[in-house]
Amino acid sequence: MPSAEEGPESFRRIGERPRFDGGFFQLVTGTFVAPTGFTFERTIIRHPGAVCAVPLESDGRHVLMVRQYRAALEEPILELPAGKRDLEGEDPKVCIARELVEEIGRQAGRLTEIARFVNSPGISDEETLCYLAEELVECERQAHGIEEEHMTLERVALEEIDELIASGELIDAKSIIALHAARARLKARRPSSSL
């Protein structure tokens, strides 16, 4: 068993070299030293991070989701509005507010951070911040990009989320995490709720 001085926190990065620049993300090779002094390398995707929102309708029981074509999967999938934090220095709330207008044509009167997570820590430093978007006001949708131009808007009951996951209809990790976080937040507000 390693001593306290040799725990996971005593690893350290000693260098990094770029391998590929993909615009909003970079592929790098990092060089690290283990607690034992062993030097090793790992390939890492550097990513600016992302945001997503659970747009809660005024009834408190339904959310707005999108069905968007995803080229990596070669099919449209059900997911929450989301976007990359690709404008350096931009407040994440400003970023998700913009995404809500672009993807579902809504402005949120209130945005509350409900969760944050790392997407794939074995390969990437991408972190996603999740918000509960409330007090929605309809506005003109401002689609950005070919996929957004063809996405559809879907109204989903929070009580159906578990069934959508079990059936394989909802497979997007950020949406699953954010929806569960939103349900927990709403249930804490209304303990008798059946969300």
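Readers should treat all values here as calculations from the given coordinates under stated rules, not as data from a laboratory. Keep in mind that what you see is a predicted model, and the values were worked out from it rather than measured. Note that each Cβ is placed from the backbone with ideal geometry, even for glycine, and that neighbours are counted across all protein chains shown.
Kindly evaluate E90 against the criterion of being of a type in the set (D, E), farther than 19 Å from A50 by Cα and loosely packed, with under 14 Cβ neighbours inside 10 Å. Write out each step before concluding.
Working: of a type in the set (D, E): yes; farther than 19 Å from A50 by Cα: no; loosely packed, with under 14 Cβ neighbours inside 10 Å: yes.
Judged against the criteria, E90 is not a match.
I'd like the residue in region 60-94 that is part of a helix (DSSP H, G or I) and touching a Leu at 6+ places or on another chain (Cβ under 7 Å) and, out of all such residues, is farthest from E134 (Cα to Cα). Quick ask: steps written out before the conclusion?
Pass one, region 60-94, residues part of a helix (DSSP H, G or I): 92-94.
Of the ones still in play, those that are also touching a Leu at 6+ places or on another chain (Cβ under 7 Å) are 92-93.
On the way: P92: 16, K93: 13 Å.
Taking the candidates together, the pick is P92.
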